[in-house]
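Every number here is computed from the coordinates shown, using simple stated rules; none is lab data. Predicted model, so just to flag it, every value in this text is computed and none were measured. Reconstructed Cβ throughout: ideal geometry from the backbone, glycine too, with neighbour counts over all protein chains shown.
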Amino acid sequence: MTYLTLSDDTRLFYKDWGPKDAQPIVFHHGWPLSADDWDNQMLFFLEKGFRVIAHDRRGHGRSDQTDTGNDMDTYAADVAELAEALDLKNAIHIGHSTGGGEVIRYVARSRPGRVAKAVLIGAVPPIMLATAAYPGGLPMAVFDGFRDAFKQNRAQFFLDVPSGPFYGFNREGAAVSEGLIRNWWRQGMAGGAKAQYDCITAFSETDFTEDLKAVSLPVLLLHGEDDQVVPIDASAHQAVKLLSNGTLKTYPGLSHGLFATHPDVVNADLLAFIQG
């Protein structure tokens, strides 16, 4: 397996497939998952001739189970180290949920020439938590509930989330995929409990307002209109207003995990944006 040893000696697992001189696409996973969540997209874009890269965020998947540095500033700095080590230029960065926050913070601080475009899918910016600036966000009680369920029985919590709101499998008439549920659980349980617990604060309380304002390159936001995890009104509808070059596309009836439940639809829109 391929690892990068970061400046603080944390080992970061990553995949790097395809021609090294092709345009790179970097995928950033959501909480509490790993690079494996992007298998469909990586294979799709590999067949289209791109170089595809995905890493396990520190504390997640096969990366070291860190007890420090589990915050958005460090996550973005880790991506910067990976981009430098692989000498990525003109890259497309695609992030889902927590990974969308990681993407916009990294892109806002990236060196010129490193990034061409960015995509945020069901992403947390500008901030999930209800604040004076964003009163439509979720109350702290929601995230305290996450923490309580996590501490009480992480394994059961990691079954309940994908079985219900994450993929919209709690909706009447939903086509439930047991494989997706088990794969979500598998990825989640591979990560470190301390890092994943800390990440709840990182994805819920980080304010990305200034990051969004600082990014001038093209950004595509994709969001399911029935996202029960990151409600669209408090996220994508607010984030696109802060971007100088942002485009929002929404999907009626689709869930938070829309790129896994409807990969053909999402992959086609990603390819059109990348090639546009």
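Points worth noting:
- When region 209-219 is filtered for residues that are surrounded by fewer than 23 Cβ atoms within 10 Å (Cβ to Cβ), in contact (Cβ under 8 Å) with a residue 60 or more places away in the chain and not β-branched (Val, Ile, Thr), the ones remaining, listed by number, are Glu210, Ala214, Leu217, Pro218.
- Only one of the listed residues (Asp226, Asp269, Asp207, Asp264) is of a type in the set (D, E, K, R) and under 22 Å from Ala133 (Cβ atoms). That residue is Asp207.
- Failed item, numbered, when Phe45 is tested on (1) part of a loop (DSSP other than H, G, I, E, B); (2) touching a residue at least 60 places away in the same chain (Cβ under 8 Å): (1)
- Applying the set (1) closer than 26 Å to Gly276 by Cα; (2) surrounded by fewer than 17 Cβ atoms within 10 Å (Cβ to Cβ); (3) among the hydrophobic types (A, V, I, L, M, F, W, C) to Val79 leaves exactly one unmet item: (2).
- Unmet requirement for Lys20, which otherwise passes all of (1) assigned to a loop (DSSP other than H, G, I, E, B); (2) under 21 Å from Leu258 (Cβ atoms): (2)
- Whether a residue is among the hydroxyl-bearing types (Ser, Thr, Tyr) and buried (at least 18 other Cβ atoms within 10 Å of the Cβ) was assessed, and Thr261 passes this test.
- For region 57-99, a residue qualifies if it is of a type in the set (S, T, N, Q), under 15 Å from Trp38 (Cβ atoms) and part of a helix (DSSP H, G or I), and exactly one does: Thr98.
- Restricting region 1-48 to residues that are of a type in the set (Asp, Glu) and exposed (fewer than 14 other Cβ atoms within 10 Å of the Cβ), the residue that is farthest from the chain's Cα centre (by Cα): Asp21
- Yes/no for Gly113 being out of contact with any Cys (no Cβ under 7 Å at 6 or more places or on another chain), surrounded by 19 or more Cβ atoms within 10 Å (Cβ to Cβ) and among the small types (Gly, Ala, Ser): no
- Test: residue in region 96-106 that is surrounded by fewer than 23 Cβ atoms within 10 Å (Cβ to Cβ), in contact with a strand residue (DSSP E or B) (Cβ under 8 Å, 6 or more places away or on another chain) and of a type outside the set (Val, Ile, Thr): no
- Residue in region 228-243 that is free of Cβ contacts under 8 Å to residues at least 12 places away in the same chain and either part of a strand (DSSP E or B) or more than 18 Å from the chain's Cα centre (by Cα) (or both) present: yes
- Inspection of region 223-246 identifies no residue that is under 27 Å from Phe50 (Cα atoms) and touching an Asp or Glu at 6+ places or on another chain (Cβ under 7 Å).
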